[in-house]
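Reviewing the structure listed below.
A short reminder: the numbers here are calculations on the coordinates, not readings from a lab. Only a predicted model underlies this, so the values are computations on that prediction, with no experimental measurement involved. Cβ placement follows ideal geometry from the backbone for every residue including glycine, while neighbour counts extend to all protein chains displayed.
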Amino acid sequence: MDFLPAVEENERPRVAWAPRLALALGLFLAALVVGLLVGALGEPAPPGQENEVQELGGGTGWAALVIAFVVVPLGWQYTAVPLFRRLGPLAPYRVEVHNWISIAVVALALFHGVELMALGDYRGWLSGWLATLLMLALFVHGWWRAYYRGLWGRRLWRIIHWELAVGALLLSVEHWWLIELSKGG
Ligand code: HEM
Ligand code: HEM
């Protein structure tokens, strides 16, 4: 079952944990605050039309969805290890690259959801927030990987991370599909 290639653990990050955590949480907070401001100050588009604020909301949703699929092969050792070996100097930062791109996905999703809801557009809010919550759960046990691996064991950690990742992706696709249906597409 454990068919992954053997891999040397990544070097410890050279930057201390406190500024790294502050940067990650700061990105989430900034996405929430800026999204809220842009949405609250923006004008809702007339029915059947789109304005720039609505387009920004839609664009960030698309960016979050596409990048969420990209982070899977970047996290999975089976695909990421050979890729990063080829990238040479980036190899020790394999997990860091996966983590920070995932953090960008969560920040984009937060901006997107808060901006559109502040604009008064509540379509797909449940599927959107459920997907975002699963991503935040991925962040929590992914960021404190050493702690949770100690608690659950390596195998269960991987099963949980995969299940939450697949759940987040399925809910995101379902969310996009609901939006398409709401547009009559
Ligand atoms: C945080 C909660 C979320 C809320 C409240 C929310 C809300 C919305 C709304 C209102 C729209 C319609 C926008 C439009 O077409 O103008 C939309 C579209 C979309 N959302 Fe979300 N969303 C959330 C989370 C997510 C997540 C996590 C993803 C993917 C990772 C996502 C991906 C998309 C995509 C791809 C579209 C279609 C954009 C388009 O067709 O222009 N959303 N969302
Ligand atoms: C948001 C913050 C996230 C953090 C901090 C995080 C952290 C991690 C870490 C530390 C690994 C382990 C890599 C290794 O030991 O080789 C990993 C693997 C992985 N991640 Fe994430 N992750 C996050 C989000 C995501 C998201 C959003 C997805 C997909 C939607 C995802 C999908 C995966 C997959 C598929 C693996 C491979 C698991 C395995 O087979 O070992 N992760 N992640």
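Some observations on this one:
- For the chain, the membrane-span-like helix rule (DSSP H, alpha carbon extent of at least 27 Å along the helix axis, mean Kyte-Doolittle at least 0.0) picks out 17-41, 52-75, 94-118, 154-182; this says nothing about an actual membrane.
- With the helix formula -39500 (n - 2.57) applied to DSSP H stretches of n ≥ 4, the chain reaches a computed 222 nm mean residue ellipticity of -26000 deg cm²/dmol.
- Two numbers describe the Cα atoms of the stretch 97-185: Rg and Dmax, which are 14.9, 49 Å.
- Under the convention that each Lys and Arg Cβ holds +1 and each Asp and Glu Cβ holds -1, the size of the dipole of the stretch 23-182 around its Cα centre is about 1220 debye.
- Dipole size of the stretch 72-164 about its Cα centre, with +1 on Lys/Arg Cβ and -1 on Asp/Glu Cβ: approximately 580 debye, rounded to the nearest 20.
- Mean projection area, nm², convex hull over Cα of the stretch 23-182: 10.1
- Stretching the chain fully between Arg154 and Gln77 yields a gain of 26.4 nm (0.36 nm per residue, less the alpha carbon separation).
- Pair Ser182, Arg123: separation of 7 Å Cα→Cβ label points (nm): 0.6
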